[in-house]
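Notes to accompany the following structure.
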Amino acid sequence: MNRVAVSRIENLNMAAPAPLRPHAMSVAALGRLLTTDLQHGLSADQVRERQKAYGPNALPESRGPGFWTVLMDQFKDFMVLVLLGATVVSFALGEIGDALTILSIVLLNAALGSVQEFRAERSLQALKRLSAPECRVVRGGREQVIPARDLVPGDLVRVEAGDRVPADLRLLETFGLECEEASLTGESLPVSKRADWLGRGSEAIGDRINCLFMGTTVTRGRATGVVFATGRQTQIGEIAGMLADAQEPPTPLQLRLEQLGKGLLAAAALTVTAVFIAGVAQGRPILDMFLTGVSLAVAAIPEGLPAVVTIALALGVQRMIRRNGIVRHLPAVETLGCVTTICSDKTGTLTENQMTVTRIWLPDGSELRVEGSGYAPYGRIQNASGKPVSLADQDDGPAMPPVSLELLSQVAVFCNHAEVQEDPEQGWVAVGDPTEAALLVLAHKAGASRAVWQRQYRLVAEIPFDSDRRRMSVAVRRPDGGIRVLVKGAPEAVLPLCHTYLPSPAPASGVGTFTGLRPLRPADRQRCWSANTTMARAALRVLALAYRDLPASALPAVKSMDAEMMEHELTLIGLVGMIDPPRPQAVAAIRTARRAGIRPIMVTGDHLETARAIASQIGLADGTAPALTGPEVENFNDAELQQAVAMTSVFARVAPRHKLRIVKALKAQGQVVAMTGDGVNDAPAVQEADIGISMGRAGTEVTKEASDMVLADDNFATIVAAIEEGRAIYDNIRKFIRYLLSCNAGEVITMFVAALAGWPLPLVPIQILWMNLVTDGLPAVALGVEPPEPGTMDRPPRPPAEGVFARGLGWRVLGRGLVIALSTLAVFALALRGSGNPLAASNLLRAQTMAFHTLVFSQLFFVFQCRSERASVFTLPLLGNPSLLAAVTVSAGMQLVTTYVPRLASYFHVVPLSSTDWQIVFLGAIWPLALDALGQLIRAFLLAVGGKGQRLLATTNPNPWLGSTR
């Protein structure tokens, strides 16, 4: 882009004089100013130049804390400050070695904590980028979908109902456009917008009705506009600098863990005080007991737990992303594991959303078959005898009345915003609504050309489709100057408006209209409804097509979009039936959901018989199962609806308001509901659901913003996969809570019992701090990436009110803590008793070394048992979690280095051990694991015995002391 063009746009984006304001400029003048092609958009070279010049189309946002800020925050913790104070005291008393060792451990802990928190923060930022909005642009004459942040001034943007406006736009054409601008102007009611209005230059923001502004929402209609301001230069960008980014609120689990941390702090304070008092009373140095108390407090409090929880949530969410589920809010991860009901749309979620017209039914009773599949514009239309029919065949005597084919293709072309493009990798793909893409392909197969029709007929008005009207109407100017209204929609919405139909053949009047129309009698209507039902039972989506010709004098009323006048006394053209095959994954996903105690429900706007046919094909419900329609839902009161939803799995012809009532009825029964939605009117139901799910491909930006999760592939199987991941994430959080708290309990109980018994302390302060580093760090984080266990989807959903310590977790923590402590104390006592003089310095040092290693390796062995609450470690593949294996290997290596590097050994107050000592250490550390193995042998024996043995096995409860399960 040349410097002149850049300068022009800079002037426009700044406080320009009134004549340069976009709302007061003609479209042609603005196009020249922006040096853009208002038909084909910018070229690739222009886009690259402008992206360099203006940067991303993004509002100012506060950046997350940098690594060094996170690192310095580690030293604001009270316990860390106490340790640093102890380091200073040690220096002052000449204990240089102890002081340096404590300082090193504090710095290592701070570095590990910083890496964890920084990684968690970066993961959350990555999630934000994944859920960033997209928009439709025309570049180089092709429509494409791009991230909104990639827009530049001069881009042509298309918006429709449900879209969030991605930048400041000057409108080029509008069709029934209304926009809600409350976020910018405070006006709560939608504002009508027009491209042909021209301002004087002094109008306020809310009065510039030929412009759309970034951040506002299109509530009705559609439009094309040219971008004149992006990012900071937009109207909302000028005030965005005063706004801070909304922070992700803590999840309910994080809040519960915060309360848990406060409780543990109080308990640790009491325990540490008791140890300190007991030690001083036994004549031990006050400084030693002070350091012991502080070290023990550091070990007892799992200060890394919040960061580990955040990392587990973020890493789990990234796993979901790989399975095409993008979670927008972290609390949704917890709720996913509780879902009991999935209310899913049919089209595109349970089906492939690859529409193909396969049948055409005409009011005279004749039917045509359409060849081909997908969006490839190849194939023929054939009559009952197999003869091809096409507009191109008219000279040879067509097998179908050319008038019907002509009108059908006009509706297919003009009641249409989609495009079909050939992608080098994916083949022919739809850009826009798949139903409209299928109609476009049908027109091509009929021998019609969109470009030819658009040259002959000019679009003058449009009444957009919405979920309440269930139809779309456009008006075009005929070559003779008259007006033709073209209508498509659900048969229930179009057939009642039709009063006539085209006979076969239908003669033309010579002035672009058709004569000989016949009245649509009750018998004819019954024939239409029968054809509709027949196609619906064959799992076809059915649309009715109709038209009406008006004189040129009707143009003013048409431009005012008088729906009553435009859609009055229509002439029926025919019905088209299109197939949307069920997704192959849907059948298995429904089976998995039911096995997991989750009830799938179909909630669709399609015909009842179509919904039933698809439900039967995918195994959601058989043909005799109860099914309800939207009007029936409308007639129920709340109590009746609650009874109905309990036994109905298929809802058809449902409007968004019905979806909202269905969700509320299910929630009133205590169900945890996931609801899918795509249209702008679905947002209330999506927001009301416990888990709102929007469609990544077909969903509007408004619905995406209201949702908790976005399906990147619009696939029902992805919902089930996300629920599995949600369960696995919650399981993993429980696993490392179990691990951390059990290990911390073991350390505290060891020191507490030894102090009360009057024994020498099994550990010195530096050893406690080191142990906290090597056992609480890498292994705990590695548990957070444990893949879902086999059988995750073979158990019922978790109750939403379930506490962190539910299902006996608290007893397991306490029991395993006691086992670790007793093992350590036993090894310590054995070492003291077998060494001659227990109080000799060398003997005490050896016993403390053995206790130190026993405690550390007990925890490293225990982490493998924490991989599952339901299965033995020996039933899980060793390499199922390579991260955990690596973490334990590194931690074990670090532990051995403290003993066998002489300089470090003196700092950590340890001595090398004999092979016999190591045998005792490993026996004390590994015996719970060996007992678990014995339990597996007994289990295998009982299963082999069968009958009585299996009944005995079924009554065997998990061992809370050892952590093994039945």
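Residues checked against (1) touching a His at 6+ places or on another chain (Cβ under 9 Å); (2) at pLDDT 75 or above; (3) in a strand (DSSP E or B); (4) farther than 30 Å from residue 699 by Cβ:
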{"residue": "195", "(1), (2), (3), (4)": "no, yes, no, no"}
{"residue": "215", "(1), (2), (3), (4)": "no, yes, no, no"}
{"residue": "239", "(1), (2), (3), (4)": "no, no, no, no"}
{"residue": "256", "(1), (2), (3), (4)": "no, no, no, yes"}
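Is it the case that residue 762 is outside any helix (DSSP H, G or I) and farther than 28 Å from residue 317 by Cβ?
yes
When only residues in region 514-525 that are open to solvent by 30 Å² or more (accessible area, probe 1.4 Å) and in a loop (DSSP other than H, G, I, E, B) count, which is modelled with the highest pLDDT?
The residue in question is 521.
Taking the stated definitions as given, is residue 857 of a type in the set (A, V, I, L, M, F, W, C), touching a Ser or Thr at 6+ places or on another chain (Cβ under 9 Å) and part of a helix (DSSP H, G or I)?
Taking the combined requirement at face value, the residue does not satisfy it.
Filter region 862-883 for residues that are surrounded by 18 or more Cβ atoms within 10 Å (Cβ to Cβ) and assigned to a helix (DSSP H, G or I); which is farthest from the chain's Cα centre (by Cα)?
So, considering only residues that are surrounded by 18 or more Cβ atoms within 10 Å (Cβ to Cβ) and assigned to a helix (DSSP H, G or I), the one farthest from the chain's Cα centre (by Cα) is 862.
How many residues does region 692-702 hold that are within 16 Å of residue 321 (Cα to Cα) and open to solvent by 30 Å² or more (accessible area, probe 1.4 Å)?
Here the count works out to 1.
Given the criterion small (Gly, Ala, Ser), open to solvent by less than 10 Å² (accessible area, probe 1.4 Å) and modelled with pLDDT under 85, identify the matching residue among 780, 821, 801, 757.
Result: 780 is the single residue among 780, 821, 801, 757 that is small (Gly, Ala, Ser), open to solvent by less than 10 Å² (accessible area, probe 1.4 Å) and modelled with pLDDT under 85.
Take the conditions in a helix (DSSP H, G or I), in contact (Cβ under 8 Å) with a residue 40 or more places away in the chain and open to solvent by 50 Å² or more (accessible area, probe 1.4 Å) and apply them to residue 886. Does it pass?
yes
Checking residue 557 against (1) at pLDDT below 95; (2) farther than 21 Å from residue 360 by Cβ; (3) open to solvent by less than 10 Å² (accessible area, probe 1.4 Å), which test does it fail?
Looking at each condition in turn, residue 557 falls short on (3).
In this structure, does residue 684 turn out to be open to solvent by 10 Å² or more (accessible area, probe 1.4 Å), over 25 Å from residue 147 (Cβ atoms) and assigned to a loop (DSSP other than H, G, I, E, B)?
No; evaluated as a whole, the condition is false for this residue.
Please specify each residue of region 344-376 satisfying the condition of being open to solvent by 30 Å² or more (accessible area, probe 1.4 Å) and either in contact with a Cys (Cβ under 6 Å, 6 or more places away or on another chain) or not in a loop (DSSP other than H, G, I, E, B) (or both).
Those that are open to solvent by 30 Å² or more (accessible area, probe 1.4 Å) and either in contact with a Cys (Cβ under 6 Å, 6 or more places away or on another chain) or not in a loop (DSSP other than H, G, I, E, B) (or both): 358, 359, 367, 369.
Do you know which of the residues in region 703-728 that are part of a loop (DSSP other than H, G, I, E, B) and polar (S, T, N, Q) is surrounded by the most Cβ atoms within 10 Å (Cβ to Cβ)?
Out of the qualifying residues, it is 707.
Would you mind finding the one in 178, 203, 173 that is without any contact (Cβ under 8 Å) to a residue 60 or more places away in the chain, open to solvent by 10 Å² or more (accessible area, probe 1.4 Å) and either closer than 19 Å to residue 40 by Cβ or in a loop (DSSP other than H, G, I, E, B) (or both)?
173
Taking region 595-614, which residues are open to solvent by less than 10 Å² (accessible area, probe 1.4 Å) and assigned to a helix (DSSP H, G or I)?
610, 611, 614
From the set of residues in region 264-295 that are without any contact (Cβ under 8 Å) to a residue 12 or more places away in the chain, farther than 22 Å from residue 88 by Cα and part of a helix (DSSP H, G or I), which is least open to solvent (accessible area, probe 1.4 Å)?
266
Give the residues of region 552-577 that are over 17 Å from residue 528 (Cα atoms) and hydroxyl-bearing (Ser, Thr, Tyr), sorted by residue number.
553, 560
Those residues that are within 13 Å of residue 714 (Cβ to Cβ) and among the β-branched types (Val, Ile, Thr), I need them from region 666-697; list them, please.
676, 693
State whether one or more residues within region 152-167 are open to solvent by less than 10 Å² (accessible area, probe 1.4 Å), assigned to a strand (DSSP E or B) and within 18 Å of residue 702 (Cα to Cα).
Yes, that holds for at least one residue.
I'd like to know if region 620-638 contains one or more residues that are within 22 Å of residue 711 (Cα to Cα), touching a strand residue (DSSP E or B) at 6+ places or on another chain (Cβ under 8 Å) and not acidic (Asp, Glu).
Yes, the conditions are met somewhere in region 620-638.
Out of (1) at pLDDT 90 or above; (2) open to solvent by 60 Å² or more (accessible area, probe 1.4 Å), what's the single condition that is false for residue 948?
(1)
Please go through region 306-346 and pick out each residue that is touching a helix residue (DSSP H, G or I) at 6+ places or on another chain (Cβ under 6 Å) and among the acidic types (Asp, Glu).
334
A quick yes/no check of all residues on (1) in contact with a Gly (Cβ under 6 Å, 6 or more places away or on another chain); (2) in a loop (DSSP other than H, G, I, E, B); (3) modelled with pLDDT of 95 or more; (4) buried (at least 20 other Cβ atoms within 10 Å of the Cβ):
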position: 527; (1), (2), (3), (4): no, no, no, no
position: 536; (1), (2), (3), (4): no, no, no, yes
position: 543; (1), (2), (3), (4): no, no, yes, yes
position: 565; (1), (2), (3), (4): no, no, no, no
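Counting only residues that are without any contact (Cβ under 8 Å) to a residue 24 or more places away in the chain and not hydrophobic (A, V, I, L, M, F, W, C), how many does region 671-697 have?
Total satisfying the criteria: 3.
The values are calculated or read from the model by the stated rules, or taken from the named source; none is laboratory data. Being a predicted model, the structure only gives us computed values, none of them experimental. Neighbour counts are summed over all protein chains in view; Cβ atoms, including those assigned to glycine, are modelled from backbone coordinates with ideal geometry. Ligands, DNA and RNA are stripped out before the accessible areas are found, and what is left, the full protein with its side chains, is counted by its heavy atoms. Shrake-Rupley method; radii C 1.70, N 1.55, O 1.52, S 1.80 Å.
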